[in-house]
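Working notes, structure below.
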Amino acid sequence: MVLQESAPEALLTVRECLAMYAGYYPRPLPVARALELVGLTDKADDRCDRLSGGQLRRLDMALALIGDPELIFLDEPTTGFDPTARRAAWDVIAGLRELGKTVFLTTHYMEEAEYLADRIMIIAAGRIVASGAGDGTGQHHSTRPAHVRAPAPAAVPPAGPGGNGRS
């Protein structure tokens, strides 16, 4: 699982952190392979507290992969990334399919969902309100029509005592 925010062991190197987490699993990926998959080989000997935000997100991904899971949950893994870092992360996520992994991805970026997903579901208020096929080929086609239909906007409840629409 890759959460939207995490806090890896700040004083360990990237390699040490991955090795520690690998020790929790019966058949982990080799640390060098996890580093390679997320593009952190050149940062392996840097302390975790010296990594940039994008590098920390890649370390989060490596920590999720180190146990060699069949199912991976990614909660907005590219939030805060610049466009170049976002595309690099997409390549990592798309590569998980080639490893035979199932990925459950939450995102607010429709382009990201279309680029990565075999199937897209839109959830509002805890209910699936639309679903359809995603491209999922790793080749985004901006001229392709959307395959989902969004519902009519929901009525907003009247403002409560705090004026925020909540009672």
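Some values worked out for this structure:
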{"item": "Estimated FRET transfer efficiency when R0 is 30 angstrom, pair K101-L11 (beta carbons, to 0.05)", "result": "0.50"}
{"item": "Likely footprinting exposure, I66, I120, fewest C-beta neighbours within 10 Å first", "result": "I120, I66"}
{"item": "Dipole magnitude of the range 14-109, debye to nearest 20 (Cβ charges: Lys/Arg +1, Asp/Glu -1, about Cα centre)", "result": "60"}
{"item": "Linear extension gain, D82 paired with D68, 0.36 nm per residue minus alpha-carbon span", "result": "2.3 nm"}
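Each value in this text was obtained by applying a stated rule to the coordinates, not by laboratory testing. As the structure is a computational prediction, the values presented were derived from the model and not from experiment. Heads up, the Cβs are rebuilt from the backbone with ideal geometry, glycines too, and the neighbour counts pull from every protein chain shown.
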